[in-house]
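Written out below as structure tokens is the structure these notes cover.
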Amino acid sequence: MSLLLLEGVFRVLPFANHRAAQWTDRPSSYYIHAKSKSFQDAPFLTEKPANTYRIAVAGDSFTFAPFMQFDDSFPKRLERMLNLNGGDRRAEVLNFGVPGYSTSHEVGSIEQAISLKSDLLILQITLNDPQRKPYHPTGLTRQNEFGTYEPMGWLGKLGNYWHTLGFVLRRIHNTQTHERYRDYYFNLFQDARSWESFTNSLEKIRALSEKSHTPLVAVVFPLFGIPLDRHYPFHPLHERVHSELKKLEIPFLDLYSAFEGIPLERIQVVPHVDFHPNEIGHRIAAEQIYRWLAQEDILPENLRITQSFDLRTDIRLQDVGALPKIP
């Protein structure tokens, strides 16, 4: 009798019947510039145009922005922000992000960026960057192994009909998946060879920056596979990255605080399935990077936004302080 009552509860209550969303807000197709040679960016001139401030962003899939239009990525959003003044000087922010890249691969991206006479190098760091790969990735090659529960086998099929069992199976899956997700990243940092690959690559990138007299900064992203709340387990890994960047005197911005407390469903590109940031996540990143670059006096004065407002609810450009308050 108790089992029957429990099954009735699980059939009625929505939280007990959680399934991966059947809808999608991903683009039905992905456009590119007619002369583009890759999905990374629009084409640009090899020789930097006059009166152009060129920024190059080297990174992995968090820079590339999978499942998104290329011009929604944070490099392109930052580019649009830097060109709002409409002056004689123009900004370019080039996207060198490659899904699957580790910092060891990004040494080559930095070399390419320097050869293009970039004025600023931004190194985007994700916590799986120490991973060693004896090949050069070009994109995502497998599904997210830490994603949502998918019923499999006879037990999974039974769970589709017996909701109590399905709920238990999902809870077991979620607990085990979170543990494996955490362990994967901590193991990367604890593996001596992986960490050495990461630190050596940072040193090479720093040396390239110094030799070419090209300023270098780093941006550290949090992981979007576990809630960004007080239980977020990866702060020790962030701190270890910070320590290495400080040792090499590389200025850096950590974006964790910008995303703290935001529900994952609002910032994952495919909620519960793919843990890369979506358009909201990339907008937040671009805004935070812009503010930090301006505050640190890294950006040229004539590329800093001169007009900004606290509200955008009226077509008139007026003092927002004079607007009537909403009851």
Residue ID - farthest from residue 298 (Cα to Cα), chosen from residues in the range 105-119 that are surrounded by fewer than 21 Cβ atoms within 10 Å (Cβ to Cβ) and within 20 Å of the chain's Cα centre (by Cα)
105
Scan the range 292-307 and tell me whether some residue there is at pLDDT 90 or above, of a type in the set (Gly, Ala, Ser) and out of contact with any strand residue (DSSP E or B) (no Cβ under 7 Å at 6 or more places or on another chain).
yes
So which residues in the range 281-303 are without any contact (Cβ under 8 Å) to a residue 12 or more places away in the chain and assigned to a loop (DSSP other than H, G, I, E, B)?
297
Scan the range 281-295 and tell me whether some residue there is surrounded by fewer than 19 Cβ atoms within 10 Å (Cβ to Cβ), over 17 Å from residue 220 (Cα atoms) and of a type in the set (S, T, N, Q).
yes
What are the pairs with Cβ atoms under 9 angstrom where one residue, in the range 250-270, is at pLDDT below 95 and the other, located anywhere, is surrounded by 15 or more Cβ atoms within 10 Å (Cβ to Cβ) and part of a helix (DSSP H, G or I)? Sequence gap at least six, or different chains.
none
Checking residue 231 against (1) more than 21 Å from residue 57 (Cβ to Cβ); (2) touching a helix residue (DSSP H, G or I) at 6+ places or on another chain (Cβ under 8 Å); (3) modelled with pLDDT of 95 or more; (4) of a type outside the set (D, E, K, R), which test does it fail?
(2)
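It is to be established whether one or more residues within the range 102-109 are touching a Leu at 6+ places or on another chain (Cβ under 6 Å) and not acidic (Asp, Glu).
no
The values are calculated or read from the model by the stated rules, or taken from the named source; none is laboratory data. Remember, it's a predicted structure, so these values are computed and weren't measured experimentally. Positions of Cβ are generated from backbone atoms using ideal geometry, with glycine treated the same way; all protein chains shown enter the neighbour counts.
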